[in-house]
Each structure stands twice: as C-alpha cells, then as structure tokens.
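Notes follow once the structure below has been shown.
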Amino acid sequence: MIVLMGYSITKVLLGILYVSIVLLILTIVYKKILVKLKKGQADPQDFCILYSLEKNPVQGEIEFYFTTKTTRNITLQLLQADMTIFKNLFEKEVKEGGQIVRFDSTTIANGDYFFQLVTENQKTMKKFTVLN
C-alpha cells in the first residue's frame, strides 16, 4: 500500500471525494438561492425604452423615439425646466415595436425642457435644449 506522509491512498481519495461532494452541494444550493432572489426582479417586457434625441440642442422638428415589447397605453409629455407639464404630445395605445412622435420646436421658446414617457407602471424622462 502506498503511503503519502502518513496517509494511505484510500484516505486521500476519500478526502477528495468528500470535498467534491461538498462543493457540488454548495453549488446547487447557490443556484437555488439565485433563482429564488431573481423572482422578485422586474421583467424587462413590462417597460418601454425612451431614447435620447439625436441632436441636442434641437431646432425645428424633433423626433421622439421609444420602443415597447407589448401593446400598452403611452403618454408622452413635454415638461418645462421646473418639471411642470407643459404639453401632452402623444396619448394613445400603441402596439409592440418602435414609435416616432414628431413635434415642431418652433412653437415653444428657446430653453431647457424635458420629455417624459408615462405608462401604467413606468415614468422615464430625458432632457433637451431648444435653440431655434
């Protein structure tokens, strides 16, 4: 029988087997914990994506672009710099996909504004500057 520093090969192999089993059990428990914690996270399908404007500052016609992965009611609002709602630009039900809402910025004064997308479970906004 081979002896390594006072240990037989059988004891060494059993030790390796025990360590491997413990690591396997810890890995399984860790994965189950991750699955359980993930259950409370928000589903990306529930939210729209509101994109920034291509040019900032803007002048003339502005194209606001957003995407949704499900059919939902959307409100797109224009807010003043003090965060008060200035104008509703768009309010209706949209289907899955991308949407463009056009607005003529020459109808408002130069300055800083926000555009805000509102759904039943989301409110997101972006800032822009008008220089006509």
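For the chain, the longest principal axis of the alpha carbon atoms and the long axis of helix 9-38 meet at an angle near 20°. The residues packed around Arg72, meaning those with a beta-carbon under 10 Å from its beta-carbon, carry a net charge of -2 if Lys and Arg are +1 and Asp and Glu are -1.
Peptides 37-46, 20-29, 90-99, 108-117 ranked from most to least packed give 108-117, 90-99, 20-29, 37-46, packing being the mean of other C-beta atoms within 10 angstrom over each peptide's residues. Bridgeable aspartates and glutamates around Lys92 (alpha carbons under 18 Å apart, same-chain partners fewer than 8 residues away excluded): Asp46, Glu63, Glu120. Reported value for the chain: 203 Å³ per residue, from the convex hull of its C-alpha atoms. Only helical runs count toward this figure. For the chain, summing -39,500 (n - 2.57) over DSSP H runs of n ≥ 4 and dividing by all residues gives -8000 deg cm²/dmol at 222 nm. Between Glu54 and Gln122, the modelled label-to-label distance comes to 2.3 nm, taking each label 7 Å out from Cα in the direction of the beta carbon.
Taking a straight line from the alpha carbon of Lys38, these lysines sit under 26 Å away, with near neighbours fewer than eight places off in the same chain left out: Lys69, Lys123.
Read-outs throughout are calculated quantities, based only on the coordinates presented, and are distinct from any laboratory measurement. Computed from a predicted structure; not experimentally measured. We place every Cβ from the backbone using ideal geometry, glycine too, and count neighbours over all the protein chains shown.
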